[in-house]
Amino acid sequence: MKTEVRYFTKSGNTKLVADAIATEVGKIALPVSEPLTEYVDILFLGSSMYKFTIDKAVTDFIKENAQNIGTLVNFSTSASGKSTLKKIKKVANLYGVNVLSEEFYCFGHFWIFHKNRPDQQDLNNAKIFAIEVMRNV
Ligand SMILES: Cc1cc2nc3c(=O)[nH]c(=O)nc-3n(C[C@H](O)[C@H](O)[C@H](O)COP(=O)(O)O)c2cc1C
């Protein structure tokens, strides 16, 4: 089963999760500026909330790589406790991309909030999530 990991990050929080997931699935996590070069069965896609939405780079990535995505598996960090799944699903639906209803989410450090998050526990949980996905999808 072909698997890839992509992420968008501004301050590094989502990359930490991306790297944890990538280690677990035996890949290297790459930024969304790196397009998919072939069809993948599972794409782990990491994003965050900025001003109540996802960055345009994430939207563009889904749009431009839609044909190469079997199932999109969302993971995200934010300060509010709100994941990006709804936003991702909305974009994915526009381009006919299947999105797994299960996702991984954890807090990400922002300003004075959630210092040191994601922490080791978050990263361990992300790895467990990745294992479960690979087992069940
Ligand atoms: C400019 C800016 C806007 C943000 N807006 C939100 C927001 O609307 N909702 C939220 O939950 N978190 C918000 N955050 C917090 C980020 O989602 C959080 O720090 C996240 O972990 C950042 O991930 P990154 O380090 O991968 O970029 C914002 C952060 C920044 C820098």
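The table for this structure:
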| quantity | calculated |
| --- | --- |
| Residues located in region 1-20, provided they are assigned to a strand (DSSP E or B) and either surrounded by fewer than 20 Cβ atoms within 10 Å (Cβ to Cβ) or more than 11 Å from the chain's Cα centre (by Cα) (or both) | T3 |
| Matching residues in region 60-98 - criterion: being within 13 Å of the ligand (Cβ to nearest atom) and in a strand (DSSP E or B) | F75, S76, T77, S78 |
| Number of the condition not met by K87 [criteria: (1) touching a strand residue (DSSP E or B) at 6+ places or on another chain (Cβ under 8 Å); (2) closer than 22 Å to G26 by Cα] | (2) |
| Residues of region 1-23 that turn out to be touching a residue at least 40 places away in the same chain (Cβ under 8 Å) and small (G, A, S), as a count | 3 |
| Any chance T23 is in a helix (DSSP H, G or I) and among the hydroxyl-bearing types (S, T, Y) | yes |
| Residues within region 100-137 that are within 16 Å of the ligand (Cβ to nearest atom), in contact (Cβ under 8 Å) with a residue 12 or more places away in the chain and either assigned to a loop (DSSP other than H, G, I, E, B) or within 26 Å of G70 (Cβ to Cβ) (or both), tallied | 13 |
| Members of region 30-59 found to be within 12 Å of the ligand (Cβ to nearest atom), within 19 Å of D19 (Cβ to Cβ), surrounded by 18 or more Cβ atoms within 10 Å (Cβ to Cβ) and without any contact (Cβ under 8 Å) to a residue 40 or more places away in the chain, listed by number | V32 |
| Pairs with Cβ under 6 Å, 6+ apart, first in region 74-99 and surrounded by 12 or more Cβ atoms within 10 Å (Cβ to Cβ) and at pLDDT 95 or above, second assigned to a helix (DSSP H, G or I) and among the hydroxyl-bearing types (S, T, Y) | T77/T14; V91/T59 |
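The values are calculated or read from the model by the stated rules, or taken from the named source; none is laboratory data. Just so you know, these numbers come straight off a predicted model, no measurement behind them. Ideal geometry is used to build each Cβ from the backbone, glycine not excepted, and the neighbour counts take in all protein chains shown.
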